[in-house]
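The values are calculated or read from the model by the stated rules, or taken from the named source; none is laboratory data. Only a predicted model underlies this, so the values are computations on that prediction, with no experimental measurement involved. Cβ coordinates were reconstructed from backbone atoms using ideal geometry, including for glycine residues, and neighbour counts include every protein chain displayed. Side chains are part of the model used for accessible areas, which takes the heavy atoms of the whole protein and leaves out ligands, DNA and RNA. Shrake-Rupley method; radii C 1.70, N 1.55, O 1.52, S 1.80 Å.
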Amino acid sequence: MQNKTVNPALNIAIAVYPHLLITSLTLPIEMLRAGEAYAKGHLNQADFRPLSINLIAKNNEPIQNRTGLAIVPDCTTHNAPYNDLIIVPGIWRNPRPVVRTNKEVVEWLQESFETGSHIIGVGTGNCLVAEAGLLNGHPATTHWHYAKQFSHDYPLVDLKPDFFITQSERMYTVASLNALADVIVHIISQYYGKAAAQHVERNFSHEVRKPYEDQRYLEGAVDRHPDELIAQIQFWLKTNLASELSLQEVAAQFSLSYRTFTRRFKLATNQSPIEYWQQLRVEGAKELLASSNLTIQEVALEVGYNDQGHLTRVFKKVLSQTPSEYRKVVRKKLFG
């Protein structure tokens, strides 16, 4: 009997240290495990990779925290395996003492990034990433209360305090737990596909949020999208969801042929105008379904679809559920 081939695990590490925000440790683990469980039941065996999640500290001693729960490291920074992804949790109160007493973690982050690891820094946990020099010359965010201190301690970092998420190559920084959840959904999509990510998002998101791609500060994105006319058209589309104009007529409004419009739009955004338009309308519909008492028909008209059936077909294609099903699940989370 031929042995089944098992794909190598995706190695994920979470740095642990005193005074960490325990929800920024437990939330990503639970979300990642949910994505893994969904993928195991839905992906072909050839495409599925299990997760190996380890807690990494400067030594093997259990770490006490303000919840009273002891955190027991799996590995130290000296014997940790290679990791595809490292999560650096937030820190309660002033991060400086934690940074000062965890030089081993700082050195491990630096070495891990040099060997190819992706890193997600959470809130004030980004001080450890910055201490490693990995954010110098790159955008980053942190908890708003420590933004001024962060700028003083790490002047070479391009701090973006108005953004909840930044991405620079293999480094992500987030300012809040909600933003961390959004990035984890994005990571699950990369590991296991869109359906797994949507499954996790439906079960873990407690509010209606914009997609990860719409809220991050992506380093270099401005340089890759210098087309001011296309930016104007994007703004027009966002503010005119219910418009009855076709995309051909929108292009004409801006004195562009449809062929030139589609070429320039794709070049600027890496999306076709049709894909972008649909994405905006679906997100608009999601917000209305969660926050208003409009009927499904009324929601469809508000976002530019001519009837309820059209909206339902798009929802089932994009989200694998009907508008009614989406409203029921999200409202249960929001108000239940």
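Some notes on this structure:
- Most mobile listed residue (Gly125, Gly41, Gly133) in the chain, GNM with C-alpha springs under 10 Å: Gly41
- Debye-sum result for segment 1-65 in log10 I(q)/I(0), which assumes one identical scatterer on each alpha carbon, at q = 0.13, 0.21, 0.22, 0.23 Å⁻¹: -0.49, -0.90, -0.94, -0.99
- Per-residue SASA remark: Val72, around 90 Å² accessible (1.4 Å probe; ligands, DNA and RNA not included).
- Computed FRET value (nearest 0.05) for Gln253 with Thr322, which takes r as the C-beta separation and R₀ as 35 Å: 0.55
- Fraction of accessible area attributable to carbon and sulfur, the chain (%, probe 1.4 Å): 51 percent
- Reciprocal mean inverse distance between Cα atoms of segment 1-125 - Kirkwood radius, Å: 15.6 Å
- Every helix of 4 or more DSSP H residues in the chain counts as -39500 (n - 2.57), and over all residues that averages to -14500 deg cm²/dmol at 222 nm.
- Considering only segment 68-214, percent of DSSP beta bridges that pair antiparallel, nearest 5: 35 percent
- For the residues Ala70, Ala132, Ala197, a GNM of the chain with alpha-carbon springs under 10 Å puts the largest fluctuation on Ala70.
- Set of segment 125-157 residues, backbone N closer than 19 Å to the point 7 Å along the Cα-Cβ line of Asn178: 141-147
- For the pair Ala9 and Asn94, a Förster radius of 51 Å applied to the C-beta separation gives a FRET efficiency near 0.90, rounded to the nearest 0.05.
- Residue pairs exceeding 22 angstrom between C-alpha atoms, taken from Lys103/Lys160; Lys40/Lys194; Lys286/Lys317: Lys103/Lys160.
- Per residue accessible area of the chain, 1.4 Å probe, in Å²: 52 Å²
- In Å², nearest 10: area of Trp236 left accessible to a 1.4 Å probe: 50 Å²
- Segment 156-192 and segment 1-75: distance between their alpha carbon centers, rounded to Å: 19 Å
- Distribution of pairwise C-alpha distances over the chain, 10 Å bins, in %: 5, 22, 28, 25, 15, 5, 0
- Nearest-10 value in Å² for the accessible area of Glu325, using the 1.4 Å probe: 90 Å²
- Counted charge near His310, where neighbours are those whose Cβ lies closer than 12 Å (Asp, Glu -1; Lys, Arg +1): +3
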